[in-house]
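Notes follow the structure.
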Amino acid sequence: ERALELNDEPTLKPLIDITGELSGRVTVGGRGVTPTGISSRVTASASGCRPLLRGKGVPSASAGSGFSLAVREARGGVIGSVAYGLGGTQAAPLANGWLCVTPPLRRLPALSTGAAAPGSCQGTFEVDFNAWIRRGLDPALVAGQAVYAQAWLRDPRVPGGLALTDAVSFLIEP
């Protein structure tokens, strides 16, 4: 393993392929956070967009804000949601892509990728996962819990009606 020290904004990046082989490790700002990501085949939208899921900040059971999961490079004007699980990773075929998170899955509220120009790949949405933890709707989201997340976007013009992002995983800090 190689360790990288990030002194500016911590960002999750894909580091593990769908076969589970570790290709790197990130330590963030000396705070003991070691975010990792899972790279999988991203499902292209009908417009050819390949949406990505990224994390930014420090996942925390007590902070109440400051760790976001963001979908980028998505088709504009579509509805999507981030789903997460606690059971690890997998590589199961789903709707012309791969479901990378092991069920059971919990789904965050649906959001729009915004008013990006139709056909463009500039749609985005972002959810503060620390705020979700703070709401207390999932009692399993506590310090020390590993979380695996992937976003799904509705796209009736592709097989299966879904565009799937890559996935990320992270450990909730105190």
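Values quoted throughout were computed directly from the atomic coordinates according to the rules given, and no laboratory measurement underlies them. Remember, predicted model here, so these are calculated numbers, not experimental data. Every residue, glycine among them, receives a Cβ derived from its backbone with ideal geometry; neighbour counts consider all protein chains shown.
Structure notes:
- Cut-off 13 Å, label 7 Å out along Cα→Cβ of Ser62, residues of the stretch 130-153 by amide N: 143-144
- Compactness check for the stretch 100-174: Cα Rg over 2.2 N^0.38 Å is 1.28.
- Taking Cβ atoms as reference points and 14 Å as the exclusive limit, the residues near Val82 contribute a net charge of +2, counting Lys and Arg as +1 and Asp and Glu as -1.
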